Amino acid sequence: MTGSEVPHSFRLAYVPGVTPTKWVRIWNERLPDVPLTLVAVSPAEAFGVLRGGGADAGFVRLPVDRTDLSAIPLYTETTVVVIPKDHLVATAEEVSTEDLADEIVLHPLDDTLDWERLPGRPAIERPATTADAIELVAAGIGVLVVPQSLARLHHRKDLTYRPVTGAPESRVALSWPQDETTDLVEEFIGIVRGRTVNSTRGRPPTPPQPKAKAKSKRPEAGGGSGAQRKPAPGKTGKTAGKSPRGASGGPKGGKSTKGAKGGKPRRRP
């Protein structure tokens, strides 16, 4: 993007469960002249939207194909099991995948967890979406293992959830096309990473105001870089405090203690 190009907006895609509110607020504070447009996408279509130019960047779930997309991992979610409130599992604070061995564990087609082997017993059919699976859990058909953000997104009064150990976890990342790392993408990366507005990777900082120059003192007459010191009271010039003859330690006035004239005294005849 050249300096002369002024984009109409910044398009940000996000998958279900991600709440971009905080980052959008910071964007609006820093770049009020560039509106941010949110684009809701499913996990399956998120990468196609980025590659097709439908969004400048997006919050997606890993893994990301790094062939043509860049990604910054942001956080890892807790995995939970969604169950009816009166379910036996609801009495525990935490369960393991082994605790679900006798349960029908629903596996929606848009599942975001990378399972090597799904726990529990499989359902006759796979629900099309996570929302459909939630309806089946409410109907008592089975239980559902999902990232915690999706359990909150599809919250119902008759359902609850508990953390599950031994299950895969979902990681959320910020992704964008490698060849489209524009100034605005860099700006949003800085916001997500918590850079301040004056960061060297963020917007250009406000140039410091020039300081007023201090007034230089003009030297006194006679040269020198500053005013000459005044002699102490009772002293005159360079001879102050010294004997007229230049002798050090002599009495005041330069008089000898052995008479008016110097030298040895004469012997009596």
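The values are calculated or read from the model by the stated rules, or taken from the named source; none is laboratory data. Computed from a predicted model, the values in this text were never measured in an experiment. For neighbour counting, all protein chains shown are included, and Cβ atoms are generated from backbone atoms with ideal geometry for every residue, glycine included. Heavy atoms of the whole protein, side chains included, go into the accessibility calculation; ligands, DNA and RNA do not. Shrake-Rupley method; radii C 1.70, N 1.55, O 1.52, S 1.80 Å.
Among LEU74, LEU50, LEU12, which is part of a helix (DSSP H, G or I), under 29 Å from the mean Cα position of the chain (by Cα) and among the hydrophobic types (A, V, I, L, M, F, W, C)? Working first, answer last.
Details: LEU74 fails: part of a helix (DSSP H, G or I); LEU12 fails: part of a helix (DSSP H, G or I).
Going through LEU74, LEU50, LEU12 in turn, just one is part of a helix (DSSP H, G or I), under 29 Å from the mean Cα position of the chain (by Cα) and among the hydrophobic types (A, V, I, L, M, F, W, C): LEU50.
Scan the range 82-92 and tell me whether some residue there is closer than 30 Å to VAL64 by Cβ and open to solvent by less than 50 Å² (accessible area, probe 1.4 Å). Let's see the steps before the verdict.
Applying the first criterion (closer than 30 Å to VAL64 by Cβ) to the range 82-92 yields 82.
So of that shortlist, the ones also open to solvent by less than 50 Å² (accessible area, probe 1.4 Å) come out as 82.
Yes, because at least one residue in the range 82-92 is closer than 30 Å to VAL64 by Cβ and open to solvent by less than 50 Å² (accessible area, probe 1.4 Å).
Can you say whether THR97 is within 32 Å of the chain's Cα centre (by Cα), modelled with pLDDT of 95 or more and either at negative phi or of a type in the set (Asp, Glu) (or both), as far as the supplied structure shows? Write out each step before concluding.
Numbers: within 32 Å of the chain's Cα centre (by Cα): no; modelled with pLDDT of 95 or more: yes; either at negative phi or of a type in the set (Asp, Glu) (or both): yes.
In short, no.
In this structure, does VAL145 turn out to be of a type in the set (Val, Ile, Thr) and either in contact with a helix residue (DSSP H, G or I) (Cβ under 8 Å, 6 or more places away or on another chain) or surrounded by fewer than 14 Cβ atoms within 10 Å (Cβ to Cβ) (or both)? Yes; evaluated as a whole, the condition is true for this residue. For PRO32, the conditions (1) part of a loop (DSSP other than H, G, I, E, B); (2) of a type outside the set (A, V, I, L, M, F, W, C); (3) within 26 Å of THR129 (Cα to Cα); (4) free of Cβ contacts under 8 Å to residues at least 12 places away in the same chain are fulfilled apart from (3). Taking every residue in the range 151-163 that is more than 17 Å from THR78 (Cβ to Cβ) and pairing it with any residue that is assigned to a loop (DSSP other than H, G, I, E, B) and open to solvent by 100 Å² or more (accessible area, probe 1.4 Å), at least 6 positions away or on another chain, the pairs with Cβ-Cβ distances below 8 Å are ASP158/LYS85. For ASP114, indicate whether it is of a type outside the set (Val, Ile, Thr) and either open to solvent by 60 Å² or more (accessible area, probe 1.4 Å) or at positive phi (or both). Here the answer is yes, as ASP114 does meet what is asked. Entry remark, the range 159-188: residues being in a loop (DSSP other than H, G, I, E, B), closer than 14 Å to VAL81 by Cα and not aliphatic (A, V, I, L, M) number 4 in total.
If the condition is being farther than 24 Å from VAL60 by Cβ and either among the basic types (Lys, Arg) or touching a residue at least 60 places away in the same chain (Cβ under 8 Å) (or both), then the range 88-128 contributes VAL89, ALA90, ALA92, GLU93, GLU94, VAL95, SER96, THR97, GLU98, LEU100, ARG117, ARG121. Within this structure, ARG30 fails the test of being under 26 Å from the mean Cα position of the chain (by Cα), under 17 Å from LEU144 (Cβ atoms) and among the basic types (Lys, Arg). Under the condition of being farther than 21 Å from LEU109 by Cα, under 24 Å from the mean Cα position of the chain (by Cα) and without any contact (Cβ under 8 Å) to a residue 60 or more places away in the chain, the residues counted in the range 53-71 number 2. Checking GLY54, GLY58 one by one, the residue that is in contact with a helix residue (DSSP H, G or I) (Cβ under 7 Å, 6 or more places away or on another chain) and among the small types (Gly, Ala, Ser) is GLY58 and no other.
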